[in-house]
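Only the coordinates and a few stated rules stand behind these numbers; no lab work does. Because the structure is predicted, anything quoted here is derived from the model rather than measured. A quick note on method: Cβ atoms are made from the backbone with ideal geometry, for glycine too, and the neighbour counts reach across all protein chains shown.
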Amino acid sequence: MSLLTLRRNFFNVHVITTTKIYRENCLNEAKTEGKSELIPSIKFRHSCLLRNQRCIAAYLYDRLLRIRALRWEYGSVLPTTIRFHMCAEEMEWFNQYKKSLATYMRSIGGEEGLDITQDMKPPKSLYIEVRCLKDHGEFEIDDGTVILLKKNSQHFLPRWKCEQLIRQGVLEHVIS
Amino acid sequence: MADGVSDSDLSGGEESREEVTMTPAELIARLEQAWLNEKFSPELMENKSELVECVMEQLTHMEENLQRVRKGDVKASVHRMEIDRIRFVLSSYLRSRLQKIERFFPHVLEKEKSRADGDPSFLSPEEFAFAKEFLANTEVYLRNVALKHMPPNLQSIDMLKAVPEPCLDSFVFLRVKERQENILVEPETDEQREYVVDLDKGSQHLMRYRTIAPLVASGAVQLI
């Protein structure tokens, strides 16, 4: 799921063309009082305008869907390489979306809530063998023991603690 | 774990409800049914907040029990797996709902706004708030990036028309739990006549969702 930079130039051209078509339509409309032969061309231009609007909306909405997928894949903090491809309004959308999602998750069940971005796959085993792909520092598990996650070290850890780190690319599930 | 879980303990007491006691096994079975129905249905199913609350309570209960067990005991790992499995089913159920709410957000909001007071709700209050925020967020984004630069008569988009509705004619697999008679099956082509079928208990079918939607809601059939 890659997100390319918002194609501003292409996009602006589109908006400018739309505006030009609209202006032509306005001019024609001004002349139409009484005469009806210009009406088909006005209607034609109007449908071009609507199509342009639909295309732009579809392109932007598709980007939003990809950004939404990023929240579910990477978590609340996006890598800088991805943020580079997003415009300010998209960052704003992303921030609002993660706020809404967090509020919703906290409200589940009436107490502390449930993080539904975890448990994405049915659990097969309790503990899994993982290899560390990059230095991540210290990591505490449920019974208090602290593990040092150094690059290339292998550990046998509870599955539910590792899910997030596996998705972020810090740990790798070793299937022997 | 033989304790029963009572629905009325959790209700706010706003409406008088008959006390329904379920064993944990029945609760989990109901959760799995709701999960499968939600997963395979093309539209958002009825809201089951009480079920979600009961399951969350059950999970907390099980976690507490687990803390008290001696570490290294074999029972602990079995219970742990059980907790993980239930949590997975619950998360998957809520994720399916959220995905459908996001996909069909204008229609879902419209349906909720236009329902009568006595009808069952499709969205929990939290889901409703989420859907409203999603709509507002998306509209603000589209307006600021594109629409405000467009000519005056194109500055708004009708979300109800722009976002596609769920396809109720998609086919679903189902298992019959209660015998049904005289189910009207609509013709797919003009040459076929409408015909009625009887659904026998325990039989499995592949049918158009629209035909059996009310049966799924009432629990007479189970989507698989």
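Which one of B:Thr211, B:Thr23, B:Thr138 has the biggest mean-square fluctuation once chain B is modelled by GNM with Cα springs under 10 Å?
Fluctuation is largest for B:Thr138.
Ranked highest first by average number of other Cβ atoms within 10 Å, how do A:47-53, B:122-128 line up?
B:122-128, A:47-53
For every helix of n ≥ 4 consecutive DSSP H residues, a contribution of -39,500 (n - 2.57) applies; sum these over chain B, divide by its total residues, and give [θ] at 222 nm rounded to the nearest 500 deg cm²/dmol.
Here the helix-only value at 222 nm equals -16500 deg cm²/dmol.
Residue by residue through region B:164-180, which ³J(HN,Hα) values in whole Hz follow from phi under the Karplus form 6.51 cos²θ - 1.76 cosθ + 1.60 (θ = phi - 60°), with glycine and proline marked x?
Taking θ as phi minus 60°, the curve returns x, 7, x, 8, 6, 8, 6, 8, 10, 8, 9, 10, 8, 9, 10, 4, 10 Hz for region B:164-180.
With a ≥ b ≥ c the root eigenvalues of the C-alpha gyration tensor of chain B, is it rounded (a/c under 1.5), prolate (a/b larger than b/c) or oblate?
Judged from the Cα gyration tensor, chain B comes out oblate (a/c at least 1.5, b/c at or above a/b).
Ordered by packing density, taken as the mean number of other Cβ atoms within 10 Å over each peptide's residues, highest first, how do B:100-106, A:55-61 rank?
Those peptides, ordered most packed to least, come out B:100-106, A:55-61.
Can you return the lysines within cross-link range of A:Lys20? Criterion is Cα-Cα under 21 Å, with same-chain partners fewer than 8 residues away left out.
Partners found: A:Lys31, A:Lys43, B:Lys148.
Considering only C-alpha atoms, what is the centroid distance from region A:104-135 to region A:55-96, in Å?
Result: 23 Å between the Cα centres.
Take every residue in peptide A:115-122, count the Cβ atoms of other chains within 10 Å of its Cβ, and give the average of those counts.
5
In this model, which of B:Lys39/B:Lys201; A:Lys121/A:Lys150; A:Lys161/B:Lys39; A:Lys99/A:Lys150; A:Lys98/A:Lys150 are farther than 28 Å apart at the alpha-carbon?
Checking Cα-Cα distances, A:Lys99/A:Lys150; A:Lys98/A:Lys150 exceed 28 Å.
Measure off 7 Å from each Cα along the Cα-to-Cβ vector at A:Arg167 and A:Arg131, then give the distance between these two points in nanometres to one decimal.
If labels sit at A:Arg167 and A:Arg131, their model points lie 2.4 nm apart.
Where a ≥ b ≥ c are the square roots of the eigenvalues of the C-alpha gyration tensor, would you call region A:74-148 rounded, which needs a/c under 1.5, or, failing that, prolate if a/b is larger than b/c, or oblate?
Oblate, since a/c reaches 1.5 and b/c is not below a/b.
When you look at the Cβ of every residue in B:109-118, what mean number of other chain Cβ atoms sits within 10 Å?
Taking all residues of B:109-118 together, the mean is 0.
Given axes a ≥ b ≥ c from the Cα gyration tensor, I'd like to know whether the protein assembly as shown is rounded (a/c under 1.5), prolate (a/b larger than b/c) or oblate.
oblate
Pick from B:Leu184, B:Leu36, B:Leu94: which is most flexible by mean-square fluctuation in a GNM of chain B where alpha carbon atoms under 10 Å apart are linked?
B:Leu184
Name the residue farthest towards the positive end of the dipole of chain B from the options B:Ile183, B:Ala162, B:Ala217, assuming +1 on Cβ of Lys and Arg, -1 on Cβ of Asp and Glu, about the Cα centre.
Towards the positive end, the residue furthest out is B:Ala162.
Could you work out, residue by residue across B:212-221, how many beta carbons of other chains sit within 10 Å of that residue's beta carbon, and then give the average as an integer?
What the average comes to for B:212-221 is 0.
Near A:Lys151, which lysines are there with a Cα under 17 Å away, not counting those fewer than 8 places off in the same chain?
A:Lys134
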